[in-house]
1. Tell me which residues come under 5 Å, amide H to amide H, from Glu200 once H is placed; ignore anything under 5 positions away on its chain.
2. Can you pull out the GluC sites (Glu not before Pro) in the stretch 67-105 that DSSP calls coil and that have at most 15 other Cβ atoms within 10 Å?
3. Pairs of Cα atoms under 8 Å, at least six residues apart: use those to get the relative contact order of the stretch 193-323, whole percent.
4. So if the hydrodynamic radius of the chain is defined as the Kirkwood radius over C-alpha pairs, what does Stokes-Einstein give as its diffusion coefficient at 20 °C and 1.002 mPa s, in µm² per second?
5. Only four residue types carry charge here, +1 at the Cβ of Lys and Arg and -1 at the Cβ of Asp and Glu. Report the dipole size of the stretch 173-247 about the Cα centre in Debye, rounded to the nearest 20.
6. When a/c is below 1.5 the answer is rounded, else prolate if a/b is larger than b/c, else oblate, so apply that to the stretch 146-191 with a ≥ b ≥ c taken from the square roots of the Cα gyration tensor eigenvalues.
7. Semi-axes, largest first, in whole Å: what does sqrt of 5 times each Cα gyration tensor eigenvalue give for the stretch 125-259?
8. What is the extension gain from Ser261 to Gln286, computed as 0.36 nm multiplied by their sequence separation minus the C-alpha to C-alpha distance, in nm to one decimal?
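The values are calculated or read from the model by the stated rules, or taken from the named source; none is laboratory data. These numbers were taken from a predicted model, which means no experiment stands behind them. Note that we place each Cβ from the backbone using ideal geometry, even for glycine, and neighbour counts take in every protein chain shown. Protein only, heavy atoms only, side chains kept; ligands, DNA and RNA dropped before computing areas. Shrake-Rupley method; radii C 1.70, N 1.55, O 1.52, S 1.80 Å.
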Amino acid sequence: MIGHGPAMREVYDMTRQVAPSSATVLLLGETGTGKELIAKAIHQLSPRSTGPFIRVNCGALSDSLLESELFGHVKGAFTNAYENRTGRFEAAHGGTIFLDEINSISYTLQVKLLRVLQEHEFERVGDTKTISVDCRIVAATNRDLNEMVERNQFREDLFYRLNVLPIYLPPLRDRAEDIPALVEHFAKRYAPDMKRTPLEPTPEAIECLQRYLWPGNVRELENYIERANVLAPTPQLTPELLPAHLRGQAPVRLGRAQRSSIDALCTELVNLGLSTVQEEGQAYEQVIGRVEKELLLQVLRSYQGTQTKAASRLGINRNTLHKKVEDYGLQGEVR
Ligand SMILES: Nc1ncnc2c1ncn2[C@@H]1O[C@H](COP(=O)(O)OP(=O)(O)OP(=O)(O)O)[C@@H](O)[C@H]1O
Ligand SMILES: [Mg+2]
């Protein structure tokens, strides 16, 4: 895996530490952060590496299909069950089973899964015979399971069982230091497709890439390098070869995780704001006022106090901004 900044080094350390045991590992992180790569690494670094590595995408199958996929079924268990079938848990015996998108399994299946986690045994669908398996469970989620537990969408007991050894994969926007190495890696990987030398990013291109928020994380970066590799007339990766929204010339599409964390932040902010405003009838003005003041400060600071630029970034009139700066007394606060 590429990227050796402090954030990823912690991930690699954890991976090496947990690999030798048989304990359940839960991989957390936004889409495209490398959860599947880590799941495979855990298997490869474990004493089970010669055994099977079985991946099941829990989000891709309906409830009943997933149940028979995981646990198998016997002939006649349901319509279309013409033959006995072994499930993925049995197939993973002696190895590792990777339960991807564990957040999408139904409440009913969660109960059955809990039992496998606790006792390592289950029955095939339609059968009474109990089967024991020896497999290591690695699960992944790109949703916040804590929040799902609070909303009664995920069983608390299963969550605790899964969450024995959590590994959190940081989003790419929090590890901009890894971007140059990732670009180099993907440029090398895709160059042979076009029979060219690997693209080399200009400093401006790196700056663009490091400023962007990466809702799709490493997968998104990989796609842009593949695209640039096809389009580039010379071996230079310039900003023009990157999509317009990376150059600030089109709106950025936020990922689900970012949207929901913004929503969560707003809710918390409003609750905190409301609980600190005691005077009857002033809540609206005070809460909105604080948010507005913070917004103005942040934008003014990012333009070193230049009001014309800040007003244009905010899309408000320069005189309006000037008046707000005076009303809130912000002159002294902008460095
Ligand atoms: N650190 C890394 N170094 C090299 N390639 C990476 C790295 N992280 C992710 N990738 C690549 O990015 C793509 C997405 O990674 P992966 O499938 O592991 O993400 P994921 O976390 O499982 O995402 P999702 O939640 O969408 O399934 C893959 O092609 C993978 O090879
Ligand atoms: Mg994945």
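1. Gln236, Leu237
2. Glu83
3. 17
4. D, rounded to a whole number, is 90 µm²/s.
5. Charge dipole, the stretch 173-247, about its Cα centre: 200 debye, nearest 20.
6. Prolate, because a/c is 1.5 or more and a/b exceeds b/c.
7. Semi-axis lengths for the stretch 125-259 are 40, 20, 13 Å.
8. 6.7 nm
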